[in-house]
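Read-outs throughout are calculated quantities, based only on the coordinates presented, and are distinct from any laboratory measurement. Being a predicted model, the structure only gives us computed values, none of them experimental. All Cβ positions, even for glycine, are placed from backbone atoms using ideal geometry, and neighbour counts span all protein chains on display.
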Amino acid sequence: MSLVARILQDRFWPLVPVKHPGPMPCPRKRGGHLPLILSAALMIFTGSASVAQNASAIEHRLPPTKDLSAFEDTYWYVPDGYLLAYRYTNLPEPKVKAVVDQTVWHLTKANEGYLLGCSFRTTTGGKLWSTSTIVGSVAPNDQVMMGFNSGKIINVASGTLISSRGHSVFLMQVAGTPPESSLTHWAYMVQVTPQDAAWYSLPGTNGWSVDRVDTGCVVDR
């Protein structure tokens, strides 16, 4: 079949008769691709529905937000044996020095996996205390991130909420980045109550009590 005859057949069949030496092919009908288009659309729709169902199933299997209501109005401190920290100072000349770091948390509020409160820290045996506002979170897998906000200085600590003898304990690591020095410290943060001796004499503070340390912060105002 000539090229012209094929073109005429494709465009005008059956209006223009064309001689063909062999069996007559089935004429192409307008809209012949419609079944293929509908089939492809159905596959896309079915696939989208399947993806939506999978996403919904995954969402239902995700761990729920951690209930931290039990942490409201609780106090936490660094027990003796975990007070060692290292400070790097770059003024007047760089040096690394071991220090005793006692930190007290007062967790005041809990909401949808977040913890708010106040932090009080001393590396001078209780002579000087620094106060910061805690904005932290505990993920469903017990991974912890705490932000300590004090004016223009923000320190971030990461860790894990673990269980020890049936009690919750924070295992934390922090590396502060103030302009003139930084403090690196890992420690357990253990809950302390008036029934504990540490409440009345915090380790590494020369006799400071929790009541005396807790002077409040931005969260409480």
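For segment 143-148, just list the computed ³J(HN,Hα) in residue order, Karplus coefficients 6.51, -1.76 and 1.60, θ = phi - 60°, integers in Hz, with x standing in for Gly and Pro.
Ordered by residue, 3J(HN,Hα) equals 7, 10, 9, 10, x, 10 Hz.
About the Cα centre of segment 66-149, how large is the charge dipole given +1 on each Lys and Arg Cβ and -1 on each Asp and Glu Cβ? Please answer in debye to the nearest 20.
440 debye
For Asp196 paired with Ser164, estimate the spin-label separation in nm (one decimal), with each label point 7 Å from Cα along the Cα-to-Cβ line.
For Asp196 paired with Ser164, the spin-label model returns 0.9 nm.
Starting from the Cα gyration tensor of segment 91-221, take the square roots of the eigenvalues, sort them a ≥ b ≥ c, and report rounded, prolate or oblate (rounded when a/c is under 1.5, otherwise prolate if a/b is larger than b/c, else oblate).
rounded
Enumerate the calculated ³J(HN,Hα) couplings along segment 66-72 in order (Karplus 6.51 cos²θ - 1.76 cosθ + 1.60, θ = phi - 60°), each rounded to whole Hz, writing x wherever the residue is Gly or Pro.
6, 7, 10, 4, 5, 8, 5
7 Å from Cα along Cα→Cβ at both Ser69 and Tyr114: what's the point-to-point distance in nm?
So the two model labels end up 1.9 nm from each other.
Near Ala110, within a Cβ-to-Cβ distance under 14 Å, what is the net charge of the other residues, with Lys and Arg +1 and Asp and Glu -1?
Around Ala110, the charge tally is -2.
Holding the Cα-Cα limit at 28 Å, pick out from Lys66/Lys97; Lys66/Lys152; Lys127/Lys152 the pairs that are longer than that.
Lys66/Lys97; Lys66/Lys152
For segment 120-131, just list the computed ³J(HN,Hα) in residue order, Karplus coefficients 6.51, -1.76 and 1.60, θ = phi - 60°, integers in Hz, with x standing in for Gly and Pro.
Listing the rounded values in order: 10, 10, 9, 10, 10, x, x, 5, 10, 10, 10, 10 Hz.
If I stretch the segment between Ile153 and Val218 completely, what's the gain in nm (0.36 nm per residue apart, minus their alpha carbon distance), one decimal?
22.0 nm
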